[in-house]
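Novice: Here it is, the structure, as structure tokens.
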Amino acid sequence: MSAKYDLYETPDVQNTGEQQPLHARIVPSGTYSKKEFLERVSHSSQTFNYNVIDAVVGIVIDELAEALSEGYVVELGELGHFSISLKCTHKVMAKREIRAESICFDNVHLRTSKEFKRKIKREIELERVDKSKHSSQKVEFSMEQRQQLLQEFLKKNGGITRLEYSRLTGLSRLKAIDDLNTFIEKGILRKRGAGRTVFYVWQQE
């Protein structure tokens with residue numbers, strides 16, 4: 001599934017009166033609630049159910065907040081580093097004017113890792129928003145049509161990944177996983193590999 005973008009004129013902040021270059025900006029596909037996102041994670045893992053993931057995420061959030069409040073910088077693997085910043089409650093001109101009550105919490109910052117950015121760069125597929133087309137005109141394939149598309153793809157390529165199936169059928173990540181799991185349950189497909197190397201082949205092979 002592609003990420004949609006559009007082009008916007010850059011504001012003339014210096015009031016030059018000259019035409020400014022365009023810049024690209026993502027057009028949001030929507031917003032995941034916590035429940036919806038954890039259901040997506042649960043679908044993807046196929047190992048841990050929603051309740052387990054929900055409980056673990058809750059613990060991680062509580063421990064993260066406590067560690068940050070104690071002045072720690074917290075690294076969460078490929079996601080990056082969490083830290084906090086402070087601010088003065090009023091204008092301070094000299095260190096001798098500082099009192100504990102003059103300093104307070106300001107914000108939480110996330111510095112994403114290079115690997116996390118590379119992961120998104122590898123996955124993302126951009127598509128310009130076509131404003132001339134109504135969303136209802138989007139082609140949707142039936143299950144039988146998707147199975148036919150899959151079969152034709154596998155005849156040429158031998159195997160398929162979840163990302164390739166999403167691009168082939170236009171399905172979102174979760175719906176593509178549901179389809180592939182359905183084909184496995186019906187004995188049409190079998191899964192090979194594990195983790196990031198998972199791909200699917202015909203059961204008949």
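Novice: At 222 nm, what helix-only mean residue ellipticity would the chain give, in deg cm²/dmol to the nearest 500, using -39500 (n - 2.57) for each DSSP H run of four or more? Walk me through the intermediate numbers first.
Specialist: Values: 6 runs with 78 residues, N = 205.
Using -39500 (n - 2.57) per qualifying helix, the result is -12000 deg cm²/dmol.
Novice: Ignoring ligands, DNA and RNA, please state the percent of accessible area on the chain from carbon and sulfur, probe 1.4 Å. Please list the in-between numbers first.
Specialist: Working: 8210 of 15320 Å².
The C+S portion of the solvent-accessible surface of the chain is 54 percent.
Novice: Would you work out if the chain is rounded, prolate or oblate? Take a ≥ b ≥ c from the square roots of the eigenvalues of the alpha-carbon gyration tensor; rounded if a/c is under 1.5, else prolate when a/b is larger than b/c, oblate otherwise.
Specialist: Details: a/c = 3.06, a/b = 1.58, b/c = 1.94.
Since a/c reaches 1.5 but b/c is at least a/b, the shape of the chain is classed as oblate.
Novice: How many Å² of accessible area per residue for the chain, probe 1.4 Å?
Specialist: For the chain, the per-residue accessible area is 75 Å².
Novice: Here's something else I'd like to know. In degrees, nearest 10, range 0 to 90: what is the angle between the Cα axis of helix 114-123 and the longest Cα principal axis of the chain?
Specialist: 30 degrees
Novice: Tell me, in nm to one decimal, what length is gained between L126 and N49 on full extension, where the rule is 0.36 nm per residue of separation less the Cα-Cα distance? Display every interim value, and only then the final one.
Specialist: Numbers: separation 77, 0.36 × 77 = 27.72 nm, distance 3.16 nm.
That pair, L126 and N49, stretches by 24.6 nm at full extension.
Novice: Give me a comma-separated list of calculated 3J(HN,Hα) values for segment 70-83, in order, Karplus coefficients 6.51, -1.76, 1.60 applied at θ = phi - 60°, integers in Hz, x for any Gly or Pro.
Specialist: 8, x, 7, 8, 10, 9, 10, x, 5, 4, x, 10, 9, 8
Novice: With a 10 Å cut-off between alpha carbons and a GNM built on the chain, which of Q145, Q20, Q46 moves the most?
Specialist: Its mean-square fluctuation being the largest, the pick is Q20.
Novice: Evaluate the relative contact order of segment 1-53 (contact order divided by residue number), counting alpha-carbon pairs under 8 angstrom at least 6 apart; express in whole percent.
Specialist: Numbers: 43 pairs, mean separation 15.4, N = 53.
So the answer I get is 29 percent.
Novice: Now a separate question. Springs between alpha-carbon pairs under 10 angstrom, Gaussian network model over the chain: which of E144, E18, E127 fluctuates most?
Specialist: Checking each option, the largest mean-square fluctuation is seen for E18.
Novice: Search the structure for amide H atoms under 5 Å from the amide H of G80, placed 1.01 Å from N in the peptide plane, and list their residues when 5 or more places away or on another chain.
Specialist: Those qualifying (amide H under 5 Å, at least 5 residues apart or on another chain) are S113.
Novice: Roughly what % antiparallel, to the nearest 5, for the DSSP beta bridges in the chain?
Specialist: Numbers: 21 of 24 bridges.
Roughly 90 percent of the DSSP beta bridges within the chain come out antiparallel.
Novice: Okay, moving on. Taking the Cα centre of the chain as origin and charging only Cβ (+1 Lys, Arg; -1 Asp, Glu), how large is the dipole, in debye to the nearest 20? Before the final figure, lay out each step's value.
Specialist: Values: 33 positive and 29 negative charges, 110 e Å.
Dipole size: approximately 520 debye.
The values are calculated or read from the model by the stated rules, or taken from the named source; none is laboratory data. Computed from a prediction, not measured in an experiment: that's the story for all the values here. Every residue, glycine as well, gets a Cβ built from its backbone with ideal geometry; the counts of neighbours run over all protein chains shown. Heads up: the accessible areas ignore ligands, DNA and RNA and are worked out on the full protein's heavy atoms, side chains in. Shrake-Rupley method; radii C 1.70, N 1.55, O 1.52, S 1.80 Å.
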